[in-house]
Amino acid sequence: MTNTIIEFKDFSFQYDSQAEPTLKHLNLAINQGEMLLIAGPSGSGKSTIGHCINGLIPNIDTGNITGECIINGKNIQETNLFDLSFITSTILQDTDSQFIGLTVGEDIAFALENDCQPQNRMKQIVHRWADELGIEHLLKQAPQNLSGGQKQIVALAGVMVDESPILLFDEPLANLDPASGMKTMALINRIQKELNATVIIIEHRLEEVMSQPLDRVILVNDGKIVADKTPNDLLHNNLLEKNGVRNPLYLSALKKAQIDLNQIPDLTSVNALPDDREIARKLQNWQDKITITGEKEETHSLLELKGVGHRYNKLQVHPLHDVTTTINQGDFISIVGQNGAGKTTLCRIICGFISNEGLISFNGDDLKQYSIKERSDKIGYVMQDPNQMISQKMIFDEVALGLRLRGYEENEIQTKVYETLKICGLYPYRHWPISALSFGQKKRVTIAAILVLDPELLILDEPTAGQDWQTYTEIMNFLKQLNQQGKTIMIITHDMHLMMEYTNRSLAFAEGTLIADTDPIKLLTEKALIKKAALKRTSLYELAVKYRLKEPNTFVRAYIDAERDEKHA
Amino acid sequence: MHDESQILGYQPGNSFIYQLNATTKLVFMLLVSIACMITYDTRFLIAICVLSIFLFKEAKIKWSQISFIVKLIVAFMILNLIFVFIFQPSYGESIYYSKSILIHAGYFTLTLQEVFYLFNLFLKYVCSIPIVLLFLLTTNPSQFAASLNKIGISYKISYAVSLALRYIPDIQNSYWDISAAQQARGIELSKKASLGKRIKGTLNIIMPLIFSSLERIDAISTAMQLRRFGSKKKRTWYVTQSFKKEDYLVMIAAVILVLIVIVLWQLNHGRFYNPFI
């Protein structure tokens, strides 16, 4: 027997601040106990659907509603936020900003406090859920000091105490390293099974979410539902890339090898693919056809690190220490590893934001003598959060700021800024205020603002986190171009495929130590390393293993080379 | 550069003061501060000074955590004392009914009585500042909120105060991050630039700081409402502590101090202790 718990009937919604409706004539019914994914590019309206389900619309985000949205028998237009919060529990994308309590225990109890539960009952409930989710030992810690995966679990515990029938996850994987992402998905699945809750996940990282069985995928684009299918049907239908969502890598590989996907009954995971000699043969043939481009010729060193480290305070368990490596002119480096391993710390050290042990030299020059500003003439750093960098109102002024401070002539500034805006695809918006831009565009403004200074080394902290597939591709191709023009680039990332596709060298960190410095594809060969740095093999590798291709790594490399050729053709 | 030892905010510790109930500490702080504000009895003030400096030592707070704020307060204190003197240099003689001149300077004639009066004012600062700082640095903001609520202040206001306290370290951190980011754009804020330039450059940090703080406030208020903050007239507190023997003792001590002030008032026939007659 199925029971409809969420129902949208010819539902449209227009934010007061927008000229166009964000959701257009939506019809959607979700049953009690379903686990489903809402996927779509940025601005497609997928988060707006989430806001209807948890009552932020129309209670906080006001706008015009036509049609009906019924959650557990209640019309959202007639229900206040507090009543809906007993029905829908929301885990926000940025867990850091949703922690309210000072300790894990207190944060989990927050909703109970607001319900006026007596203290001993709160303690009891908190302990029960902490135990259930395996975070009992963390109850006295500050949530901010936990790893990304642990934060996600604490946020989950904080809403589980309500025992509401609907769990809504807004991009749960955006800030997690690959291993934590997998664990989080497994946990969501377990909770769903145990409580028979209705789980709705909003994500654009389809492949990761599909590591657990889903009942349905709702594909949203431009405010409309493009597809409402089982994952398997959706993958057979070839709708994803047209609608700005990346296909699982293994499917793209099968397609490249010209294997007819319609002949394969179950496409939902590498394991589900049939053991078919024919498929193995086709994949092997395709792999053999691709000629792998040779590696780079000799290089000269740009940045040298010797025994570099930094300790934030005496209590820090794994401070960054003893990093010794050389970054060469023209390198495109990815810095990978678990949350909190010291990746960002290293970048801050290089830019002079924080003091350091050890020696850093740039083109043979000891950096110690230079201030942040002086280093910035040579090294550009794009922070993860664009809001921490932007200080001007207009795009042009923001990009021009660095040049103005360096005393350039105004007409020279204009030429340089326009040139940079063109490279970054922002030229059409040059007279716009920054507040009118999307997150992805703001990110590009900050890249432009650094790029215009023409630094020799460009460092970017998670340039693609939270970006949809199209923006991701744009940003990365743009960086690739810069690299080909000779810029040395370092990026921090959690995206394994990005690491392999775009970068030519990886530095892997775990617990404050540099544990590997190698070719990205080779990095994902060693099991011990993968585990230590909380990385994950991509499904390409799994595909090659499943069909017993000669060299799984070569297969991965062949795929990446083929991809590069297509993009630059 | 920035690390935790420079942050002005609560950090867990394990000395005696940390173990006390937040309500106890709040009541103690309020009563003792009021007592010090009322009385000008030098003996009492000196005793409280010694006590508050002793408590400060006991809490093992690092100088780097408070150096900035203390320097700021000292600057204001000196300014204040100077102005008090300028506005009425003869105030001391009028309250102590005697006049022993130290320096002849017309309107600005300095008397021993005025010096004594200013010394008392100075003692008042030295009494209350360490106690207030001590309270802020050793009290878990959530427990602080719970204790405000307990003495009758609405929980919404209590929570707002505690969130504000909690975000001081966060805002300090974003300030440092943004400052570094702006320097990386070419604003020289290190000692290599002149003071004027550094002040002007600092203004560039304010905009992003406000925007990123507003964004954070928006996110946290959404998160709080999604978890029903404000849905009821009352709320309970996970961190409320029950009163222990020590708490009662400290409260009694605070009340005794207030009583002493009242007794001294009687003995001195007013707020001032007068050694000159």
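Every number here is computed from the coordinates shown, using simple stated rules; none is lab data. Keep in mind that what you see is a predicted model, and the values were worked out from it rather than measured. Positions of Cβ are generated from backbone atoms using ideal geometry, with glycine treated the same way; all protein chains shown enter the neighbour counts.
A few remarks follow.
- Couplings 3J(HN,Hα) of region A:447-453, computed from phi: 5, 4, 5, 7, 4, 4, 7 Hz, in residue order, whole Hz [Karplus 6.51 cos²θ - 1.76 cosθ + 1.60, θ = phi - 60°; x for Gly and Pro].
- Sum of -39500 (n - 2.57) over DSSP H runs of 4+, divided by residues of the protein assembly as shown (222 nm, nearest 500): -15000 deg cm²/dmol
- By the rule of a C-alpha distance below 12 Å, with chain neighbours fewer than 8 residues away ignored, the aspartates and glutamates paired with A:Lys546 are A:Asp275, A:Asp276.
- Mean Cβ neighbour count within 10 Å, used as a protection proxy, ranking A:355-364, B:192-201 highest first: A:355-364, B:192-201
- Among the listed pairs A:Lys422/B:Lys192; A:Lys393/B:Lys156; A:Lys46/A:Lys242; A:Lys487/B:Lys197; A:Lys373/A:Lys422; A:Lys306/B:Lys197, those whose Cα-Cα separation exceeds 28 Å are A:Lys422/B:Lys192; A:Lys393/B:Lys156; A:Lys487/B:Lys197; A:Lys306/B:Lys197.
- Once backbone amide H atoms are built at 1.01 Å from N, A:Ile491 has A:Ile333, A:Ser334, A:Ile335, A:Leu460 as its partners under 5 Å, excluding neighbours fewer than 5 places away on the same chain.
- Region A:381-418 versus region A:214-276: alpha-carbon centroid distance in Å: 42
- Cα lying deepest toward the dipole's positive end in region B:141-238, options B:Gly152, B:Ile171, B:Ser142, charges on Cβ: B:Gly152
- Region A:433-512-region A:4-53 distance, computed between alpha-carbon centres (Å): 31
- The Cβ shell under 12 Å around A:His494 holds other residues with a net charge of -2, Lys and Arg each +1, Asp and Glu each -1.
- Euclidean distance of C-alpha centroids, region A:118-169 and region B:168-200, integer Å: 38
- Per residue of A:82-90, other chain Cβ atoms within 10 Å of the residue Cβ number 3 on average.
- Net charge over other residues, Cβ less than 12 angstrom from the Cβ of A:Ala280 (K, R count +1; D, E count -1): +3
- Taking a ≥ b ≥ c as the square roots of the eigenvalues of the Cα gyration tensor, chain A is classed as rounded, since a/c falls below 1.5.
- Within a straight-line Cα-Cα reach of under 17 Å, B:Lys62 can be paired with the following lysines, leaving aside sequence neighbours fewer than 8 residues apart in one chain: A:Lys314, B:Lys71.
- When the Cα gyration tensor is reduced to axis lengths a ≥ b ≥ c, the ratio a/c stays below 1.5 for region A:15-98, which is therefore classed as rounded.
- Flagged links, alpha-carbon separation over 27 Å, of A:Lys123/B:Lys150; A:Lys183/A:Lys442; A:Lys151/A:Lys532; A:Lys74/A:Lys183: A:Lys183/A:Lys442; A:Lys74/A:Lys183
- For region A:448-528, the antiparallel share of DSSP beta bridges with both residues in that region comes to about 50%.
- Per-selection metrics, region A:1-51 (Cα): Rg and Dmax in Å: 12.5, 42
- By the rule of a C-alpha distance below 24 Å, with chain neighbours fewer than 8 residues away ignored, the lysines paired with B:Lys99 are B:Lys124.
- Cys with no candidate disulfide partner in the protein assembly as shown (beta-carbon separation under 4.7 Å rule): A:Cys52, A:Cys69, A:Cys116, A:Cys347, A:Cys351, A:Cys424, B:Cys49
- Shape category assigned to region B:141-238 from the gyration tensor of Cα positions, a/c cut at 1.5: prolate
- Chain A - charge dipole about Cα centre, Lys and Arg +1 at Cβ, Asp and Glu -1, debye rounded to 20: 860
- Counting only DSSP beta bridges whose two residues both lie in chain A, roughly 55 percent are antiparallel.
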